[in-house]
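The structure under discussion appears below in the form of structure tokens.
The values are calculated or read from the model by the stated rules, or taken from the named source; none is laboratory data. Values in this document were obtained by computation on a predicted structure and should not be read as measured data. In this analysis, Cβ positions are derived from the backbone assuming ideal geometry, glycine residues included, and neighbour counts consider all displayed protein chains.
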Amino acid sequence: MSMDIVYAFLALAAVFGFLLLLIILGHTLREPRHKAAWAQLSSMIGGIYSSRIGAMYYRYQISGNYQSVPVEIFIETHSWDDEPNTYTYHLRINAGAGSHDWIIRFRDAEVHSPGRSWDVESRDETLEQRLIQMDDIELIAKDSGSAIVQYKAEEGAMEYERSVDGDTSVPTPDEFRAQFSLLKHLSELNEKLNAS
């Protein structure tokens with residue numbers, strides 16, 4: 001009986017190894033396509049391209065500096081059992097120290113009902129009210145589309161996120177500049193409103 005267990009274990013290990021090999025091979029074959037898609041942004045930020053494989057995602061990213069600010073740009077591909085893949089684009093910059101996390105969800109004004117085209121969330125109610133009352137947020141919302149911007153106090157990071165069509169859907173240089181300007185502007189506001 002113990003040999004049956006050994007053979008079953010070996011067969012299971014062989015199947016697992018084969019599946020892992022297929023995942024790595026598929027990832028390796030996609031690499032040139034991803035490097036080509038990232039080429040313009042990589043040269044803008046003096047970035048280094050890399051990729052990561054997680055249990056339920058792939059991440060294609062570049063890290064570098066833009067206007068002397070450290071930046072990280074990445075697209076994550078999330079895959080679930082029987083669902084089609086979903087893709088999210090992220091731009092993260094260092095934003096300095098702050099006391100509390102917050103998040104702003106911008107909505108495409110044309111798609112949603114009239115009224116405010118954004119929502120703010122923070123565990124600190126005073127900070128949330130300060131963010132809601134800022135005139136700057138309404139001006140920013142006009143150009144943000146359906147994006148999420150969040151500040152992570154523990155990391156001192158400001159991050160822009162939105163859904164994209166595929167794992168090579170990187171922004172144009174002009175779109176990147178606009179997203180970077182948005183994060184820089186919100187970082188400056190964060191310094192005033194969210195002091196440690």
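Can you pull out the residues in the stretch 158-182 that are closer than 16 Å to Ile93 by Cβ and among the hydrophobic types (A, V, I, L, M, F, W, C)?
Met158, Phe176, Ala178, Phe180, Leu182
Is it true that some residue in the stretch 136-144 is modelled with pLDDT under 80, out of contact with any Phe, Trp or Tyr (no Cβ under 7 Å at 6 or more places or on another chain) and surrounded by 16 or more Cβ atoms within 10 Å (Cβ to Cβ)?
yes
Go through the stretch 159-196 and give me each residue that's of a type in the set (Ser, Thr, Tyr) and within 17 Å of Pro70 (Cβ to Cβ).
Step one: of the stretch 159-196, the residues of a type in the set (Ser, Thr, Tyr) are 160, 163, 168-169, 172, 181, 187, 196.
Those that are of a type in the set (Ser, Thr, Tyr) and within 17 Å of Pro70 (Cβ to Cβ): Tyr160, Ser181, Ser187.
Condition first: in a loop (DSSP other than H, G, I, E, B) and modelled with pLDDT of 85 or more. Now tell me which residues in the stretch 76-116 satisfy that.
Those that are in a loop (DSSP other than H, G, I, E, B) and modelled with pLDDT of 85 or more: Ala95, His100, Asp101.
Quick check on Ile148: is it within 30 Å of Ala36 (Cα to Cα), modelled with pLDDT of 85 or more, of a type in the set (A, V, I, L, M) and crowded, with 19+ Cβ neighbours inside 10 Å?
no
With the checklist (1) modelled with pLDDT under 70; (2) within 30 Å of Ser181 (Cα to Cα); (3) more than 18 Å from the chain's Cα centre (by Cα); (4) not polar (S, T, N, Q) in hand, flag the one item Tyr57 doesn't pass.
Only one criterion in (1) modelled with pLDDT under 70; (2) within 30 Å of Ser181 (Cα to Cα); (3) more than 18 Å from the chain's Cα centre (by Cα); (4) not polar (S, T, N, Q) is unmet by Tyr57, namely (3).
Can you report the number of residues in the stretch 168-185 which are buried (at least 17 other Cβ atoms within 10 Å of the Cβ) and in contact with a helix residue (DSSP H, G or I) (Cβ under 7 Å, 6 or more places away or on another chain)?
Looking only at that region, the number is 4.
Got a number for residues in the stretch 152-196 being among the polar types (S, T, N, Q), touching a strand residue (DSSP E or B) at 6+ places or on another chain (Cβ under 6 Å) and closer than 21 Å to Tyr49 by Cβ?
So the count comes out to 1.
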